[in-house]
Amino acid sequence: MEAGGQLTQSRRDHAAMIVKTDDPSRAIDLDLTFSCGQVFRWTKIEDGWVGIIGDSLVRLQQREGRLLVQSSAPLPKSRITSYLRLDDDLQSILKELSRDREFRKIVKSIPGLRILRQDPWECLASFVCSRNCRVPMIRRIVRNISQRFGKRVTWGDYLDHSFPEAEIISQASLSELASCGLRYGRRQARELKELARLICEGEIDFGALKDTSYAEAKARLMSFDHGVGNKVADCVLLFSLEKLESFPVDVWVARTVAELYHDHLRPDLVSKAARGRSLTPRDYREISDFGRSHFGRYAGYAQEYIYHWKRLKEGVC
């Protein structure tokens, strides 16, 4: 049964590992976290979420004060807590960000949204594929790439695929990659192949990027080009490379910042962002720099709350 299907009864009865989330610092809302556009390979099935962590199919069910975790292969509890970033003190983070009056209003409506700690290669490839695409299209593209090139993972009647390793993508043909529905076809396929090659050859070293500053890591990522512009770099830094100060900007974030914090931006930029116009590199830097300076070390959390709040408000999610 392909992604989006249902687990068999025997799998629902499988013994579950329990991860406690009753402490406010470890709070999480799975519905908010998996549907806020930061990750593209989790599916809501019945009362739980099913996705891939590493090469394992994982089902997460939310209960009061705890998560029930089932997986196709044994996973240590630390792997789950790390992926969900339950080591982030969410209560303290939101308290610090809520010194801002506007953010305080936002967080009241969507508490429990948590940034995930994703695999850097999958995160990079996913956001390179995301340019000028809506979330449903991104999901289809990433799913197609996984089905075509990833490892088959089964669990009872449920079937999914792991995200392919960089070595596999580096050896794929342009036509094979383009057939996965890439918006920019062979050009985007070439970008993915080149990035995969750079990873295989050690030119892109995710460990080194984690250990350097935000500014240095972003400059390094963007120096590779191959589809890695400001927004893609900021997303990868935030969602997979431990740079919680990163503040990615898209049309939703730009519109919300222009609406709530217009006094901090150029008047012409406020007008442009409010109308949903494309941003120049200068525009992007101004909004992103504002976000980092205004919200500080947890600007990335503020960004994700702002982004999802605006989309929910507009009825997009």
Item to check | Total residues in segment 260-292, condition of a type in the set (S, T, N, Q), over 16 Å from I306 (Cβ atoms) and part of a helix (DSSP H, G or I) | outcome: 1
Checklist entry - For segment 97-146, which residues satisfy the criterion of being basic (K, R), over 23 Å from N230 (Cα atoms) and crowded, with 20+ Cβ neighbours inside 10 Å? => result R143
Checklist entry - Taking segment 147-203, which residues are farther than 22 Å from D55 by Cβ, surrounded by 17 or more Cβ atoms within 10 Å (Cβ to Cβ) and hydrophobic (A, V, I, L, M, F, W, C)? => result A178, L182, A189
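Given the criteria part of a helix (DSSP H, G or I) and either in the same structural domain as N132 (by TED's automatic domain parsing) or over 17 Å from S130 (Cβ atoms) (or both), does Y298 qualify? Walk me through it before giving the result.
On the way: part of a helix (DSSP H, G or I): yes; either in the same structural domain as N132 (by TED's automatic domain parsing) or over 17 Å from S130 (Cβ atoms) (or both): yes.
So Y298 passes the test.
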Checklist entry - Which of the residues spanning segment 154-179 are at pLDDT below 95 and over 22 Å from the mean Cα position of the chain (by Cα)? => result T154, W155, G156, D157, Y158, L159
Checklist outcome for this item: Taking segment 227-259 and the residues there that are among the acidic types (D, E) and part of a helix (DSSP H, G or I), the one that is farthest from V128 (Cα to Cα) would be E259
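The values are calculated or read from the model by the stated rules, or taken from the named source; none is laboratory data. These numbers come from a predicted model, not from an experiment. Using ideal geometry, Cβ is built from the backbone for each residue, glycine included, and neighbour counts are taken over all protein chains shown.
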